[in-house]
Structure formats: C-alpha cells, structure tokens
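The values are calculated or read from the model by the stated rules, or taken from the named source; none is laboratory data. Please read all numbers here as calculations on a predicted model, not as lab measurements. No Cβ is skipped: glycine too gets one built from the backbone with ideal geometry, and neighbour counts run over all protein chains shown.
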Amino acid sequence: MAEIFEKLVYYFQNVPTVRYAFIVGIFIALSASLLGVTLVLKRFSFIGDGLSHVAFGAMAVAAVVGVTDNMLIVMPVTVISAVLLLATGKNAKIRGDASVAMISVGALAIGYLLMNKFPTTNNVSGDVCSTLFGSTSILSLTPADVWLTVSISIAVVIAFILFYNKIFAVTFDENFARATGTKAGLYNLIVAVIIAVIIVLAMNVVGSLLISALIIFPALSAMRVFKSFKSVTICSACLSVFCASTGIIISIIDGTPVGSTIVAVDIAAFFVFWIIGMVKGGARK
Amino acid sequence: MAQLTCENLTLGYEGKEIISGLSFSVDKGDYLCIVGENGSGKSTLMKTILGLHSPMKGKIITGDGLLQTEIGYLPQQTVVQKDFPASVREIVVSGFQGKCGIRPFYTKAEKRAALENMKRMSVDDLQKRCYRELSGGQQQRVLLARALCATRKMLLLDEPVAGLDPKVTSEMYSLISKLNKEGITIVMISHDIEAALRYSTHILHIGGDVFFGTKEEFKRGLFISDRSLFNGGEGNG
Ligand SMILES: Nc1ncnc2c1ncn2[C@@H]1O[C@H](COP(=O)(O)OP(=O)(O)O)[C@@H](O)[C@H]1O
Ligand SMILES: [Mg+2]
C-alpha cells in the first residue's frame, strides 16, 4: 500500500501531465454530472447518445481537414446538432427518435470511413479506438488544454447554478412552466447547448461512446438514495468527482485505459447506491 | 368584462377538428365545471386556454386584470413526474418561476408565500418529503399549492380527483370550494356530474350536445328533456 502511495506521490510531483489529467478529469466529471437528472427524466438521453456520435464524426472531419485545434470544428458542429435534434425531437416523438438514430449512426459511419480513407497516423484502429473510448491523450495534455477545459467547465457550472431553478421547473413539469409564463423553449435550448458543450469536453477523457455513462451514472446512483432535486444534484456532482479521481488513480497505478476505468468505478458506485437505496427503502416500509 | 372569454373556438390536432364553434365566458369568482365523455376534448380545451396548444379558429381573450400567464394549472398527471426526485418544497416554490423572468433565484418573499400556500393546502408538514412517496391526495394538494403560487386569480384543474378514494375526493372538493369562496375563479374538468352540480356555478358540456350556462339552467334542461343526464338544452353559448 505504502509503495503504491509513494508511486502516486512521485507521479504527481514529477509528471506534470498526470497532474493535468487529474485536474481536467475532475472538472469534466463535475460539469458532466450536473445535467444527468434532467437528461434521464426529460428522456433527453437519446440526444446525449446522438450528440456523442456527432462529435465523433466531427472529430474525424477535423482530423482529416487538419485544423490545429479540433474544438474549432467539433464544438460548433455539436452545439448546432443539439439545437436541431431538440427541435425535431420535440415536434414528433417517433420521427425525432428516428432522426437521432439516423444522424448518430450516420456520423459514426462517415467518421470511421474518413479516418480510414485519410489516415493522419499509421495506426488507424488505434486512433478510432481512442476517439471512441477515450485515450491516453488525457496524459498528453498541455497547460493550454488544461486552462481551456477548466474555464469551460467553470462556465458550465456557473450557467447551471444560474439556471438551476428554471431547469428544475422545466424538467419537472414543462406544461405548467410554459403555461405560467416560463420560457420553456429557451431553457430547453440552453440545456441542450450545455449538454453539447459537456459532451465535447468529456470526449477527451472518456471518448465518445462512454460519455453518456459519465453524464448519467452519477445521477442514477444519487436518485437511488436521495429524494430532492437539490440533494440528488449535489450528491451526483460529488460522486462523479470521486469516481473520476478514483478511476484516474487506478488507471495510473494499473495502466488501464482512463475512460473505461472511470466508467467502471461509476458502475461500481451505482451498485453500492442501489443496495443502499434498497436497504433504506426496506427500512422505511 | 369577463376574466376569460372564448369566442367561436375550433380545436383539433393536425387539421382534424375535435370541437368547433365553442363560445363561453367566465367571470371573476365563477366556478365552471367542464363535463363530457372521454376524448371529447376537455383537456385540449384547457391546454388551449393556457396557451399550450393553439386553436384552429377563434380566439381566447383574458380580461378584468387577468393575464394569460396568471392562470394556475393542475395538470392530469404525467409519467415523468412519477420518478422525479423532488421535495414538496421545491415543487411548490417552482410555481413562482413564471414571475422570475431572468432572475435566477427565488426571493425571500416568494419562499414565504410558498410556505403560506403549503399551509393553506395543509402540506406544510410534508415540505421536506419526496413528492413521489406521497399519497395521491397529498400529491394533488402539493400541486394545488404550486398552482396557488402562480396565481391569485384563476385555477384550471384537469380531473383533480381522478384516482382518489371517496373520502379524499370530498376533502379535495371542499378545498377547491374554499379557494373559490376566497375569490379564486375555478375552471374544473370533472367526470363527476353530481359533484359538478353540487359545487359549481356554471356548467360547460362538450362533445355531442354542447351546453353552456348556469348550473340552474343546466338542471332545468335536464328535467325538461329527461332523456339522458347529459342532454342539456341549447344554452346561451
Ligand atoms: N397530442 C395529440 N395529438 C393528436 N391527437 C390528440 C392529442 N391529444 C389528444 N388528442 C386527441 O384529441 C381528442 C381529445 O383529447 P382530450 O382533450 O385529451 O380529451 P378529454 O380530456 O376530454 O378526455 C382525443 O380523441 C385524443 O385522441
Ligand atoms: Mg383529459
């Protein structure tokens, strides 16, 4: 145990990229967890999945075009897709779902095609894998990456706090909110844009296939045990940060892929909360 | 001027008419019951009044100091709410959201008023409880308290007693009656014609024969025609 601890301390003190990865991981986990409840309860999860695939496609395009900063392409494309998906998804439920499926699978296919047709490195399957499942690239972050990610995460958290009450009202009962003068459409839009931003951010850590897990698992776990919106939100934020740090530490020690390790820890936490919820529920009855 | 006037409304979805040529008005302090078979368009009418759905023809005019966004609403329950983690207090105070505009947080006064409304509906001792763990009657009272935060003038209630047992149902009716006596205009959808005749001042029957008029006129129509319960005479609508 002491050995492992020393190894960790050594890494943190002497390898700046490990420090960066840790900071970035924590901030992304924090911002990703905030909208989990809304995503689950608003049946927005399908948008989350769709968007992560769109982000993957955009990433591939960015790589092929060869822009220096992927974000310049990926961020606007994902945000615009979020707005479009929301618009189609709302007007006709079934057609909305189908269009999400079309867009997301289409984006996956095109992305994969592009990456094979115009390989930027000679390890195509490695590139694809790291875009889908997150990569060790989290260990090659530059200070500039760290600043950008941390500032966007903080912006997301501030936006969430400012819109917290509105998001609650619109998530709990959109019709009531709309009828009594809340601009539900606007706040839905804001939620979708925030989700898009989070997905693009989180893609660096866990990859596009695992993003939904990062967003949804902490919320699902918290909902097992806590009963108010505020306590669920606070709990899922803390849990998400805890799982991300634990996951990153394990992956440093064990050399496992960062993204899937974090998600695995999230899943383990979910089972713990599930059991706690059962015990608590049983005790009450 | 009436608080709410519907003029020659035609309602429907995607070009298909459900109700046509409907006119009626609601004055301050009225207690209007909307009755009619399932699927006759009662909920649709209510959503149209609230501005959630647009009419195919005709218009809805609010007056006598009432704005459209000042109408409180008790919806038919939706599935999403069933597993929503929310405390009673969070839900009730969210009734003020419409008045917040871009202000991010509720004021102290709004939180106090929310507590007042919880007391009025006798759910103040439940304020930290989880909404989804309450009984049906308690849930309805919580939603009423929220609606009271959104309005002091008019409440629209969509089948507020559906699924409640007889005792809770009659408690619910007397609560609503009490609010009406305090000066809040009530528009309620109900299946229960007996209760409608007991508590309301006006009746609107849609689907099949359309009737709008006072309770007394409705009763007279019933006695004269003597065919079925719903066969009211042509009202002044
Ligand atoms: N969103 C919708 N799209 C299309 N048709 C609808 C929709 N909602 C309700 N309807 C139809 O409109 C009619 C009236 O529905 P509703 O207003 O809910 O009736 P009620 O509340 O009187 O039972 C029904 O035939 C129903 O199938
Ligand atoms: Mg109905």
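Against the numbered list (1) within 16 Å of ligand 1 (Cβ to nearest atom); (2) modelled with pLDDT of 95 or more; (3) in contact with a Gly (Cβ under 9 Å, 6 or more places away or on another chain), B:Gly207 comes up short only at (2). Of everything listed in (1) within 14 Å of chain B (Cβ to nearest Cβ); (2) surrounded by fewer than 23 Cβ atoms within 10 Å (Cβ to Cβ), the single unmet condition for A:Pro218 is (2). Quick check, is A:Ala109 more than 14 Å from chain B (Cβ to nearest Cβ), surrounded by fewer than 15 Cβ atoms within 10 Å (Cβ to Cβ), at pLDDT 75 or above and in contact with a Gly (Cβ under 9 Å, 6 or more places away or on another chain)? It is true that A:Ala109 is more than 14 Å from chain B (Cβ to nearest Cβ), surrounded by fewer than 15 Cβ atoms within 10 Å (Cβ to Cβ), at pLDDT 75 or above and in contact with a Gly (Cβ under 9 Å, 6 or more places away or on another chain). Restricting segment B:61-87 to residues that are at the interface with chain A (Cβ under 10 Å from one of its Cβ atoms) and part of a strand (DSSP E or B), the residue that is farthest from ligand 1 (Cβ to nearest atom) is B:Ser87. The set of residues in segment B:37-51 that are modelled with pLDDT of 90 or more and either at negative phi or near ligand 1 (Cβ under 7 Å from one of its atoms) (or both) comprises B:Ser40, B:Gly41, B:Lys42, B:Ser43, B:Thr44, B:Leu45, B:Met46, B:Lys47, B:Thr48, B:Ile49, B:Leu50.
Which members of segment A:221-251 meet the condition of being farther than 16 Å from A:Val40 by Cβ and buried (at least 22 other Cβ atoms within 10 Å of the Cβ)? Within segment A:221-251, A:Cys243, A:Ala244, A:Gly247, A:Ile248, A:Ser251 qualify. Would you check if B:Asp27 is closer than 24 Å to B:Arg198 by Cβ, away from every other protein chain (no Cβ under 14 Å) and away from ligand 2 (no atom under 13 Å from the Cβ)? Yes, satisfied.
In segment A:59-88, the residues that are in contact (Cβ under 8 Å) with a residue 60 or more places away in the chain form Cβ pairs under 6 Å with partners that are exposed (fewer than 15 other Cβ atoms within 10 Å of the Cβ), at six or more places apart or across chains, as follows: A:Ala63/A:Thr120.
One line per residue, one yes/no per condition, for (1) touching an Asp or Glu at 6+ places or on another chain (Cβ under 6 Å); (2) of a type in the set (Asp, Glu); (3) assigned to a strand (DSSP E or B):
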site	(1), (2), (3)
B:Glu17	no, yes, yes
B:Ser25	no, no, yes
B:Lys28	yes, no, no
B:Glu37	no, yes, no
B:Ser40	no, no, no
B:Met46	yes, no, no
B:His53	no, no, no
B:Lys59	yes, no, yes
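Considering only segment B:180-204, how many residues are touching a strand residue (DSSP E or B) at 6+ places or on another chain (Cβ under 7 Å) and either farther than 13 Å from B:Tyr31 by Cα or away from ligand 1 (no atom under 16 Å from the Cβ) (or both)? Residues that pass the stated criteria total 9.
In a loop (DSSP other than H, G, I, E, B), within 11 Å of chain A (Cβ to nearest Cβ) and within 19 Å of the chain's Cα centre (by Cα) - does that describe any residue in segment B:146-162? For segment B:146-162, residues in a loop (DSSP other than H, G, I, E, B), within 11 Å of chain A (Cβ to nearest Cβ) and within 19 Å of the chain's Cα centre (by Cα): present. Of all residues in segment B:184-197, those that are more than 14 Å from every other protein chain (Cβ to nearest Cβ) and of a type outside the set (Phe, Trp, Tyr) have Cβ atoms under 7 Å from Cβ atoms of residues that are part of a loop (DSSP other than H, G, I, E, B) and within 14 Å of ligand 1 (Cβ to nearest atom), 6 or more apart or on another chain, in B:Met188/B:Pro160; B:Ile189/B:Glu159; B:Ser190/B:Glu159; B:His191/B:Glu159; B:Ala196/B:Ser190. Whether any residue in segment B:100-122 is in a helix (DSSP H, G or I), in contact with a Ser or Thr (Cβ under 9 Å, 6 or more places away or on another chain) and facing chain A (nearest Cβ under 8 Å) is what I want to check. For segment B:100-122, residues in a helix (DSSP H, G or I), in contact with a Ser or Thr (Cβ under 9 Å, 6 or more places away or on another chain) and facing chain A (nearest Cβ under 8 Å): present. Taking segment B:199-218 as the range and being within 24 Å of B:Ser170 (Cα to Cα) and within 17 Å of the chain's Cα centre (by Cα) as the test, the residues that pass are B:Tyr199, B:Ser200, B:Thr201, B:His202, B:Ile203, B:Leu204, B:His205.
Can you confirm whether B:Lys128 is surrounded by fewer than 18 Cβ atoms within 10 Å (Cβ to Cβ) and at the interface with chain A (Cβ under 9 Å from one of its Cβ atoms)?
Values: surrounded by fewer than 18 Cβ atoms within 10 Å (Cβ to Cβ): yes; at the interface with chain A (Cβ under 9 Å from one of its Cβ atoms): yes.
Yes; evaluated as a whole, the condition is true for this residue.
Just checking, which of B:Ser170, B:Ser135, B:Ser122, B:Ser177 is over 25 Å from B:Asp30 (Cα atoms) and out of contact with any Leu (no Cβ under 8 Å at 6 or more places or on another chain)?
Details: B:Ser170 fails: over 25 Å from B:Asp30 (Cα atoms); B:Ser122 fails: over 25 Å from B:Asp30 (Cα atoms); B:Ser177 fails: over 25 Å from B:Asp30 (Cα atoms).
Every option except B:Ser135 fails the conditions.
Here's a check for you: in segment A:27-64, which residue that is β-branched (Val, Ile, Thr) and more than 18 Å from A:Ala109 (Cβ to Cβ) is nearest to the other protein chains (Cβ to nearest Cβ)? Show your work before the answer.
As a first pass, look at segment A:27-64 and keep what is β-branched (Val, Ile, Thr): A:28, A:37-38, A:40, A:47, A:54, A:61, A:64.
When the remaining residues are screened for being more than 18 Å from A:Ala109 (Cβ to Cβ), the result is A:28, A:37-38, A:40, A:47.
Values: A:Ile28: 24, A:Val37: 7, A:Thr38: 10, A:Val40: 9, A:Ile47: 15 Å.
Per the criteria, the residue is A:Val37.
Would a scan of segment B:46-56 turn up a residue that is of a type in the set (Ser, Thr, Tyr), within 14 Å of another protein chain (Cβ to nearest Cβ) and over 15 Å from the mean Cα position of the chain (by Cα)? Yes, segment B:46-56 has at least one match. Taken together, the residues in segment A:1-49 that are within 21 Å of A:Val156 (Cβ to Cβ) and modelled with pLDDT of 80 or more amount to 21.
Just checking, which of B:Tyr73, B:Tyr13 is of a type in the set (Ser, Thr, Tyr) and under 20 Å from B:His202 (Cβ atoms)? Steps first, answer last, please.
Numbers: B:Tyr13 fails: under 20 Å from B:His202 (Cβ atoms).
Checking each option against the conditions leaves just B:Tyr73.
Which residues, taken from segment A:171-193, are touching a Ser or Thr at 6+ places or on another chain (Cβ under 8 Å) and more than 10 Å from every other protein chain (Cβ to nearest Cβ)? Residue satisfying the conditions is A:Val191 alone. Residues in segment A:223-236 that are touching a residue at least 24 places away in the same chain (Cβ under 8 Å) and either within 8 Å of another protein chain (Cβ to nearest Cβ) or under 17 Å from B:Leu134 (Cβ atoms) (or both): A:Met223, A:Phe229, A:Val232.
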